[in-house]
Amino acid sequence: MFDRFTQQRHMAEAGRLPPGQALTRKFPVLHYGPVPEFNPATWDFLIWGEVEEPRHFTWDEFLRLPRRRVTMDIHCVTRWSKFDTVWEGVLVKDLVAQGILRLKPTARYVIQHAEYGFTANLPLEVVLQDNFLLATHYNGQPLTPEHGYPVRGVIGALPGREGLKVTYFWKGAKWLRGLEFTAEDRPGFWERAGYHNEADVWKEQRTQW
């Protein structure tokens, strides 16, 4: 029988539960605005900005990019944490390592562009970590529409890995359509609404105030 409080205590003792968070086995759905429709015949993914060559991928081409399976602990700013979640998708660092994406020296930040003009911003060094994924699958199944199908940004903590920047879950955009590499930072949707720009889960950087 699952004992949430015992498991939560174990995660806290293991150093995996950030301050102010509580364990959940559910996967709450939180987003602003409607769920967009997906048409694989017209969907595309763009990469532009401070890159040597802009890239454009159809859905079929995106699925052929190098893929990883990553197990992460994810932490929402609304104070729930979910542990050992399994995601599949594309690591940006693999695109760079394999020469599919070539960055200019001026690239310092990444703006995630999603449906309806939604954006989320991260420093380049975070996007190139092993814990930032352009995810298409969760727990072995394609993402559901409510959780960002067909592609969403996902950032979390890698169990047993220290030294990686871990942000709250909103820093990965649902219904992702492109990445813009920039020289200057540009606050995303939630940052303009008052959420913290860095969003470090261990520092409880939830809001700007």
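A few comments on the model shown:
- Subset of region 12-57 that is closer than 25 Å to residue 199 by Cβ and of a type in the set (Gly, Ala, Ser) - its residue that is surrounded by the most Cβ atoms within 10 Å (Cβ to Cβ): 49
- Identity of the residue in region 94-111, farther than 19 Å from residue 63 by Cβ and touching a helix residue (DSSP H, G or I) at 6+ places or on another chain (Cβ under 9 Å), that ends up surrounded by the fewest Cβ atoms within 10 Å (Cβ to Cβ): 102
- Checking 104, 93, 26, 82 one by one, the residue that is at pLDDT below 95 and touching a strand residue (DSSP E or B) at 6+ places or on another chain (Cβ under 9 Å) is 26 and no other.
- Residues of region 156-209 that turn out to be touching a Ser or Thr at 6+ places or on another chain (Cβ under 8 Å), assigned to a strand (DSSP E or B) and either small (Gly, Ala, Ser) or under 14 Å from residue 119 (Cβ atoms) (or both), as a count: 1
- Qualifying residue in region 137-155 (condition: among the hydrophobic types (A, V, I, L, M, F, W, C) and surrounded by fewer than 19 Cβ atoms within 10 Å (Cβ to Cβ)): no
- Test: residue in region 10-17 that is in a helix (DSSP H, G or I), closer than 23 Å to residue 186 by Cα and not hydrophobic (A, V, I, L, M, F, W, C): no
- Going through (1) over 30 Å from residue 7 (Cα atoms); (2) among the charged types (D, E, K, R); (3) modelled with pLDDT under 95 one by one, residue 64 falls short only on (3).
- Each residue in region 58-74 was checked for being touching a helix residue (DSSP H, G or I) at 6+ places or on another chain (Cβ under 6 Å) and surrounded by 15 or more Cβ atoms within 10 Å (Cβ to Cβ), and 1 pass.
- Selection status of residue 4, basic (Lys, Arg) and either exposed (fewer than 12 other Cβ atoms within 10 Å of the Cβ) or in contact (Cβ under 8 Å) with a residue 24 or more places away in the chain (or both): yes
- Among the residues of region 108-130, just one is farther than 22 Å from residue 163 by Cβ and part of a loop (DSSP other than H, G, I, E, B), namely 118.
- Selection within region 63-106 - under 13 Å from the mean Cα position of the chain (by Cα) and in a helix (DSSP H, G or I): 92
- Close pairs (9 angstrom Cβ cut-off, 6 or more residues apart or separate chains): touching a residue at least 40 places away in the same chain (Cβ under 8 Å) and farther than 16 Å from residue 144 by Cα in region 173-188, part of a loop (DSSP other than H, G, I, E, B) and of a type in the set (Asp, Glu) anywhere: 180/50; 181/50; 182/50; 183/50
- The lone exception for residue 115 - which of (1) of a type outside the set (A, V, I, L, M, F, W, C); (2) surrounded by 19 or more Cβ atoms within 10 Å (Cβ to Cβ); (3) within 17 Å of residue 44 (Cβ to Cβ) it fails: (2)
- Candidates are the residues of region 71-107 that are aromatic (Phe, Trp, Tyr) and out of contact with any Asp or Glu (no Cβ under 7 Å at 6 or more places or on another chain); the one that is nearest to residue 160 (Cα to Cα) is 87.
The values are calculated or read from the model by the stated rules, or taken from the named source; none is laboratory data. What you see is a predicted model; the values in this text were computed from it and never measured. Positions of Cβ are backbone-derived with ideal geometry, glycine not excepted, and every protein chain shown enters the neighbour counts.
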